[in-house]
Each structure stands twice: as structure tokens, then as C-alpha cells.
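Worksheet: one structure, shown below.
The values are calculated or read from the model by the stated rules, or taken from the named source; none is laboratory data. Owing to the predicted nature of the structure, the values given are computational and were not obtained by experimental measurement. Cβ coordinates were reconstructed from backbone atoms using ideal geometry, including for glycine residues, and neighbour counts include every protein chain displayed. Note: accessible area is taken over every heavy atom of the protein model, side chains too, but ligands, DNA and RNA are not part of it. Shrake-Rupley method; radii C 1.70, N 1.55, O 1.52, S 1.80 Å.
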Amino acid sequence: MLATLTACTTAESPVAGDSGDDGEFSLGPKVTLTFDLSGAITLSGKQTALAPSGGAEFLKSCDEYANRSQYSIAGLLDGDVDGKKVIVELEIEDYKGPGTYPKDQLVAPGSRPSIGVDNKVYGTWPESTSSEVTTDGKGGGTWTFKKLAATAEGGLPGEPVNGTLKWTCKNP
């Protein structure tokens with residue numbers, strides 16, 4: 001006796017973990033980051049990343065990402081931005097949910113909040129940088145900054161970068 005097993009899916013019944021609308025498999029919610037930087041470098045473009053959970057588990061939704069006690073901005077991107085390798089390091093200390101957070105609550109693991117572009121890191125400086133993050137409760141937000149700078153000769157801030165990083169979240 002010969003048996004044939006056939007699996008099929010329809011738009012009404014997507015594969016587990018598949019969003020059903022674009023055919024992409026995802027381990028959790030995806031964040032789309034939009035960069036608009038000028039000054040020492042220019043960077044303009046978008047890229048996606050998995051919404052960070054801050055641990056070994058995967059998040060189930062944008063709501064879970066937006067309302068955690070530990071809020072990290074997605075930093076490991078799915079590809080280049082404007083032809084450049086980019087990484088972001090930014091967390092909100094003492095996160096209390098959607099709202100606006102000042103520079104003194106913005107931190108990064110082992111360093112200061114920063115954007116790395118092609119192996120040059122532009123970070124916040126205690127006195128010269130202005131920096132603020134606003135989150136929206138849906139997994140999105142905006143980081144607005146002035147005078148992010150790489151370390152120059154003598155350990156002082158180099159030529160600054162100004163701009164915004166905006167992100168939105170999409171459920172799997």
C-alpha cells in the first residue's frame with residue numbers, strides 16, 4: 001500500500017511563524033529603522049531587524065516589545081543602510097512605558113549610546129551631546145540627537161553627527 005502526504009497552505013492558513021502576507025518567516029516582531037544623519041557623515045535609508053527581547057527568548061508581539069521593563073532599540077540590522085554597515089547601541093534605563101526619555105536615561109551595554117557606521121562609532125558625550133528618545137506604545141519611536149561624535153585626537157569629541165533614528169514595529 002502506498003500513501004502520499006501532501007501539505008498545502010492558503011492565505012487563510014499561513015505556515016506557523018509566517019505572517020501570511022509577504023511569505024517571510026519571522027522569529028518575532030520586526031522593526032523597521034529609518035536613519036537620517038548629517039554632519040561628519042551622511043546616512044539616509046531604512047533597514048529591518050528583529051525586535052530585541054533583551055534576553056534569550058523571542059518576543060511574540062509589538063505590544064510585548066513596547067511594554068517591557070527593559071527597552072532596547074534594535075541594533076543588529078538585517079543588512080546595510082545606504083551601502084554602509086550600521087549598528088546601533090541604545091537602551092532606556094528605568095523604562096516605564098511609552099513616553100519621552102532624556103539623555104541621562106539613555107544607556108548602552110559596556111559603552112555609551114551610539115551609532116556605528118562602517119566601523120566608526122559616533123556616541124553621546126557628557127556635555128556636548130543632546131539626546132532624547134520618545135516611544136509610542138506600539139513598538140515604535142524616535143531617537144533625536146545633536147553632536148554624536150567619534151573620539152578624536154586627545155580623547156576629545158571629533159566632528160559631530162546630528163539626526164534622527166525612527167523605528168516602527170510589525171507583528172509576525
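The figures follow:
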quantity	calculated
Spin-label model distance (nm) - residue 87 vs residue 159, 7 Å beyond Cα toward Cβ	2.4 nm
Label-to-label distance, nm, for residues given as residue 27 and residue 125 (7 Å Cα→Cβ offset)	3.7 nm
Segment 72-172: C-alpha gyration tensor shape, a/c 1.5 cut-off, then a/b vs b/c	oblate
Percentage relative contact order, the chain, counting C-alpha pairs under 8 Å, at least six apart	23 percent
Kirkwood Rh (inverse of mean 1/r, distinct Cα pairs), the chain, angstrom	17.4 Å
Selected from 47, 92, 31, residue furthest toward positive end of dipole (the chain; charges at beta carbon)	92
Helix-only CD estimate at 222 nm, as mean residue ellipticity for the chain, using -39500 (n - 2.57) per DSSP H run (n ≥ 4)	-500 deg cm²/dmol
Cβ-defined net charge surrounding residue 164, 13 Å radius [Lys, Arg +1; Asp, Glu -1]	+1
Chain lengthening between residue 42 and residue 58 when straightened (0.36 nm per residue, less Cα-Cα)	2.5 nm
Positive minus negative residues near residue 64 (Lys, Arg vs Asp, Glu; Cβ under 14 Å)	+3
Portion, in percent, of the accessible area of segment 103-151 that falls on carbon or sulfur, probe 1.4 Å	48 percent
Loop-located GluC sites (Glu not before Pro) in segment 64-131 whose Cβ has at most 12 other Cβ within 10 Å (DSSP)	93, 127
For the chain, size of Cβ-based charge dipole, Lys and Arg +1, Asp and Glu -1, in debye	220 debye
Cross-link pairs beyond the 27 Å C-alpha cut-off, checked among 85/170; 60/120; 60/146; 120/166; 96/146; 30/147	60/120; 60/146; 30/147
Ratio Rg/Rh [Cα only; Rh per Kirkwood] for segment 43-125	0.96
